[in-house]
Amino acid sequence: MSQETVTITDNRTGQSIECPIKKGTHGPDVVDCQTLYKKLGMFFFDPAYITTASCESRITFIDGEKGILLYRGYPIEQLAEHSDYLEVCYLLLYGELPTKEQMGDFKGSIYQHTMLHEGLLDFYKGFRHDAHPMSMLVGVVGALSAYYPDAMDIGNPEHRKMSAVRLIAKMPTIAANSYKYLIGHPYVYPRNNLGYVENFMHMMFSVPKEEYQFNQTAIKALEIMLILHADHEQNASTSTVRLAGSSQAHPFSCVAGGIATLWGPGHGGANEAVIRMLQQIGTPKNIPLYIKRFKDKKDPTRLMGFGHRVYKNYDPRAKIIRNVCHTLLQELDATQQPLFEVAMELERIALSEDYFIERKLYPNVDFYSGMIMSALGLPLNMFTVLFAVARTVGWIAQWTEMMEVPDMRIGRPRQLYLGSKQRDYVSIEQRGI
Ligand code: SDX
């Protein structure tokens with residue numbers, strides 16, 4: 001069958017180019033327009049990359065219309081029900097579900113690297129006592145490359161694999177240490193006899209004076225949260241990691257950039273912003289006033305936890321997390337929690353309002369995740385930190401995939417220039433005359 005193409009014609013000159021159509025396993029076809037500038041002397045204009053496929057990838061697939069999310073072809077609903085976070089890490093990194101032996105080896109490699117170089121613990125002291133833990137995560141992860149010089153050759157697959165293992169292994173420790181620093185408690189070292197999530201909870205909440213009591217419902221809720229947040233195609237923070245990595249920067253530095261991007265309230269910072277919004281609304285009777293504000297074009301206030309660039313149907317993660325939230329709050333006898341009541345009523349009203357229906361604004365993963373983390377005892381400023389812990393594997397899997405592309409080139413978007421025409425320098429004596 002001949003190559004299918006799209007013809008792009010400049011009607012001013014009659015010049016045309018034939019752009020090949022590339023087909024994927026799932027999802028829309030793409031038009032390969034790499035020759036546009038060379039042949040027609042023009043760029044495509046696509047701010048915020050709304051209709052741009054930035055790469056080929058085999059890791060995650062989202063169907064925003066049908067509300068589908070696949071990790072290496074496996075539906076998120078099945079992974080949330082049957083898998084665990086470390087197994088999902090293996091799947092995202094290596095493309096297949098591990099055998100028992102492969103999982104044992106992978107888990108063993110992760111557990112060898114959960115501790116931090118002791119010099120890194122001094123980093124936290126440089127932060128103000130009330131610093132946001134995301135600022136510490138950016139700083140400490142960015143500094144990791146200064147402590148592990150033995151695997152800096154990103155051209156070496158074994159060094160790339162070591163960096164991936166170190167990031168997945170150390171992120172919970174780095175995150176928990178930031179919390180302990182903020183509350184003035186001693187750091188808790190990781191323990192290899194605990195599961196990945198249990199270890200995180202232990203490092204976060206245990207204190208020297210007593211044995212930490214694990215709540216298995218909370219552990220299961222957190223395990224699902226990490227799975228749901230592990231990867232999500234070319235979202236803003238992942239695109240940051242890929243763009244940074246395209247310059248051959250070290251993966252620890254690239255992931256530090258991803259953490260900084262995730263922090264924004266439009267992205268991973270939304271879970272914290274949802275709770276602050278629910279706290280601000282206070283009671284269900286205040287909701288109509290806020291709904292009015294969310295719809296007011298002149299008012300920048302947005303309904304946090306709603307809407308998504310890709311999902312124009314219910315975020316499949318939100319469906320799963322809604323059930324986890326209900327179960328956890330029932331278990332903790334907290335369904336009368338005012339925040340939860342406001343959230344349920346807000347969702348009910350928002351989903352019946354034309355403004356949200358017309359714009360296909362449904363709850364996204366962040367709408368419920370904040371309530372779960374709140375119920376788990378995580379402080380508000382640690383919500384996005386948990387998202388970063390979960391997304392670390394997605395970032396490093398996408399970075400690895402990019403680094404394995406034979407002719408990988410540095411990412412370098414162009415622009416539409418609207419500035420001053422070329423002009424000559426004027427001495428200061430001549431200016432304003
Ligand atoms: C995450 O990309 C990913 O995959 C991200 C993520 C991941 O896993 O990595 O899924 C995680 O970031 C989830 C999203 C979390 N963010 C929020 O919950 C913040 C609130 N949501 C909005 O800021 C917004 O919906 C975005 C940022 C999520 C999406 O922005 P878009 O695609 O640029 O949406 P848009 O601005 O084009 O909105 C279209 C219309 C606009 O109105 P009109 O100009 O058409 O009249 O919908 C309105 C927007 O004003 N709108 C909202 C709204 N979201 C969009 N109005 C009120 N409240 C909202 N939340």
Farthest toward positive dipole pole in region 174-285 [+1 Lys/Arg, -1 Asp/Glu at C-beta], among SER246, MET225, GLN279: GLN279
Cα shape, region 60-130, gyration tensor, a/c 1.5 rule: oblate
Mean ellipticity per residue at 222 nm, deg cm²/dmol - from DSSP H runs of n ≥ 4 across the chain, formula -39500 (n - 2.57): -15000 deg cm²/dmol
Pairwise FRET efficiency - GLN3 versus ASP105, Cβ, R0 = 56 Å, nearest 0.05: 0.80
Residue-by-residue Karplus 3J(HN,Hα) for region 311-322, coefficients 6.51, -1.76, 1.60, Hz, glycine and proline x: 6, 10, 9, 4, 4, x, 6, 5, 4, 5, 6, 5
Given charges at beta-carbon only (K, R positive; D, E negative), |dipole| of the chain in Debye: 1260
Rounded tilt (10° steps) of 365-375 against the dominant C-alpha axis of the chain: 20
Loop sites in region 44-87: trypsin sites (Lys or Arg not before Pro), DSSP, at most 13 other Cβ within 10 Å: ARG58, LYS66
Cβ-placed point charges (K, R +1; D, E -1), dipole of region 8-156 about Cα centre in debye, nearest 20: 460
Convex hull volume of region 389-433 per residue (C-alpha atoms, cubic angstrom): 216
For region 1-55, Kirkwood radius (reciprocal of mean inverse C-alpha pair distance, Å): 12.5
Sites ARG12 and PHE214, calculated FRET efficiency, Cβ-Cβ separation with R0 51 Å, nearest 0.05: 0.15
Listed residue (ALA318, VAL207, VAL30) projecting farthest to the positive dipole end of the chain, Cβ model: VAL30
Förster radius 35 Å - calculated FRET efficiency between TYR37 and ARG348 (Cβ-Cβ, nearest 0.05): 0.10
Unit charges at the beta carbon, dipole of the chain: most positive-side option, ALA143, SER374, THR52: THR52
Mean separation of Cα contacts under 8 Å, 6 or more apart, over the residue count of the chain: relative contact order %: 20
Rounded tilt (10° steps) of 216-228 against the dominant C-alpha axis of the chain: 10
Rg [Å, one decimal], Dmax [Å, integer] - region 347-433, C-alpha atoms: 24.8, 67
Relative contact order of region 131-196, pairs being alpha-carbon contacts under 8 Å that are 6 or more residues apart, as %: 33
Ranked packing of 322-328, 26-32, 267-273, 295-301, most packed first, by mean Cβ within 10 Å: 267-273, 322-328, 26-32, 295-301
Loop GluC sites (Glu not before Pro), region 91-196 (other Cβ atoms within 10 Å of the site Cβ: 12 or fewer; DSSP): GLU96
Order by protection proxy (mean Cβ within 10 Å, highest first), peptides 406-413, 375-382: 375-382, 406-413
In order through region 181-187: 3J(HN,Hα) via Karplus (6.51 cos²θ - 1.76 cosθ + 1.60), integer Hz, x for Gly, Pro: 5, 5, 9, x, 9, x, 5
Where N is the number of residues in region 77-218, Cα Rg divided by 2.2 N^0.38 Å: 1.12
Cut-off 19 Å, label 7 Å out along Cα→Cβ of GLU341, residues of region 260-289 by amide N: 275-289
Between region 104-133 and region 52-89, the Cα center-to-center distance that results, in Å: 28
Region 17-34 - phi-based ³J(HN,Hα) in whole Hz, Karplus 6.51/-1.76/1.60, Gly and Pro as x: 10, 9, 9, x, 9, 9, 10, x, 5, 10, x, x, 5, 10, 9, 7, 10, 5
Inter-label distance for LEU380 and GLU56, nm, one decimal - labels placed 7 Å from Cα along Cα-to-Cβ: 4.7
Rounded tilt (10° steps) of 338-350 against the dominant C-alpha axis of the chain: 30
Mean Cβ neighbour count within 10 Å, used as a protection proxy, ranking 44-56, 169-181 highest first: 169-181, 44-56
5 angstrom amide H check on ASN364, placed H, neighbours 5+ away: PHE306, GLY307
Convex hull volume per residue in cubic angstrom - Cα atoms of region 20-79: 98
Net length gained if the chain between ILE428 and LEU97 were fully extended (0.36 nm per residue, minus Cα distance): 112.4 nm
Translational D in µm²/s for the chain (Stokes-Einstein at 4 °C, 1.567 mPa s, Kirkwood Rh from C-alpha pairs): 55
Cα pair distances of region 267-386 binned at 10 Å [whole percent]: 14, 48, 33, 5, 0
Restraint check, LYS319/LYS360; LYS161/LYS220; LYS66/LYS360; LYS66/LYS312, Cα-Cα greater than 19 Å: LYS161/LYS220
Region 317-393: C-alpha gyration tensor shape, a/c 1.5 cut-off, then a/b vs b/c: oblate
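Values quoted throughout were computed directly from the atomic coordinates according to the rules given, and no laboratory measurement underlies them. Note that the structure is predicted; figures quoted are calculated from it, not measured. Here the Cβ is made from the backbone with ideal geometry for all residues, glycine too, and neighbour counts use every protein chain on show.
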